[in-house]
1. Step through the table entries LYS114/LYS251; LYS10/LYS74; LYS7/LYS217; LYS69/LYS163, compare each Cα-Cα distance with 30 Å, and write down the pairs that go over it.
2. Over segment 166-211, with the other protein chains present, what is the accessible area per residue in square angstrom, probe 1.4 angstrom?
3. Give the long-range amide H neighbours of ILE158: residues separated by 5 or more places, or on another chain, with amide H under 5 Å away, using H modelled in the peptide plane at 1.01 Å from N.
4. For segment 139-147, just list the computed ³J(HN,Hα) in residue order, Karplus coefficients 6.51, -1.76 and 1.60, θ = phi - 60°, integers in Hz, with x standing in for Gly and Pro.
5. What is the sum of charges around LEU117, taking Lys and Arg as +1, Asp and Glu as -1, for the other residues whose C-beta is under 14 Å from the C-beta of LEU117?
6. What whole-number distance in Å separates the alpha-carbon centres of segment 144-160 and segment 193-219?
7. How do the peptides 188-195, 85-92, 170-177 rank, highest first, by the average count of neighbouring beta carbon atoms within 10 Å per residue?
8. Per-residue HN-Hα couplings for segment 111-125, Karplus 6.51 cos²θ - 1.76 cosθ + 1.60 at θ = phi - 60°, whole Hz, x for Gly and Pro?
Amino acid sequence: MFLRFMKLVKLELPYQTPLDSITIQDVDINFLASITVTDIYDFLSYLANDRSSERHESPGIAASARARKLSAIKSFFKYLTVRTKLLEENPVQDLEFPKLRKSLPKYLTLDESKRLLEAVQGPNAKRDYAILLIFLNCGIRRSELVGLNRSDISEDRIRVVGKGNKERIVYMGSSCRKAIDDYLIERNKICLSDDRALFGSRDGNRISVSAVHRLVKKHLLAAGLDPEQFSAHKLRHTAATLMLSNGVDLKTLQEVLGHEHLNTTQIYTHVESTELKIAAEANPLSKLEKPSEKITGTN
């Protein structure tokens, strides 16, 4: 998209030219060397004001999406200047990322989580119940759940392959293990195209990310919860929030969630801590009553 926009600008094509119609087969190192920081600003302006988004009718994409694209461009030019030394100057080296609005992660309360699990019905109820409970109990990512194999389940733990092909062990509670065992009775009776897969779909293949997305939305709706506000990823947030609010320390939570950096995990520190509430109530001044009459005095 960036290279196509650069060609649109530098070749002075009509601004409304669809970017997908612009070929980049002829882009070479001389063309890349001609890109300036002003060109980058033009691209960011296009993203903020003119780029269409599937989620919104109004033109322009969100700051988070612009930041991701700028990150890709920065990595690209860093590769060209530092790694391969094909370019001498990096036009985006000192360019700052768009400011992002920090928002708290949405999550289900404990009662809402129970409602969701109680609402699971249908021909795939045991599979779906196990999937939802793994999300809520273990806090794994949707892509990680899709990649689970039957051999990854062992006693009270699950072997998870996360981002960057990094493996970690996630422990599960007894209710989660029972849900998986109940589902495995059905799973072991069917043959999938990839028979290693823990979860399968109706077409006989490993369950897909989109299928997991749909089943989560379906059961959220059945539970009377807003499927537009919550998703499979929000169930991961729910697991993290419930763990943190019930005594799990931040470092342990980082390992459970598979975060590379602790500051990623720190978004969950918004949770109201019962221990902190108890500490506040223990302060004798917490129950101090306001005098009924204003106290006055003289110096």
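1. Violating the 30 Å limit, Cα to Cα: LYS7/LYS217.
2. Per residue, segment 166-211 has an accessible area of 59 Å².
3. When sequence neighbours closer than 5 places are left aside, the close amide H contacts are VAL170, TYR171, MET172.
4. Each residue of segment 139-147 in turn: x, 7, 7, 4, 5, 5, 5, 4, x Hz.
5. +1
6. Computed from Cα coordinates, the inter-centre distance equals 15 Å.
7. 170-177, 85-92, 188-195
8. 5, 5, 5, 5, 4, 4, 5, 6, 7, 5, 9, x, x, 10, 4
The values are calculated or read from the model by the stated rules, or taken from the named source; none is laboratory data. Given the structure is predicted, the values throughout are model-derived calculations rather than measurements. Positions of Cβ are generated from backbone atoms using ideal geometry, with glycine treated the same way; all protein chains shown enter the neighbour counts. Areas reflect the complete protein model, heavy atoms only, side chains present, ligands, DNA and RNA absent. Shrake-Rupley method; radii C 1.70, N 1.55, O 1.52, S 1.80 Å.
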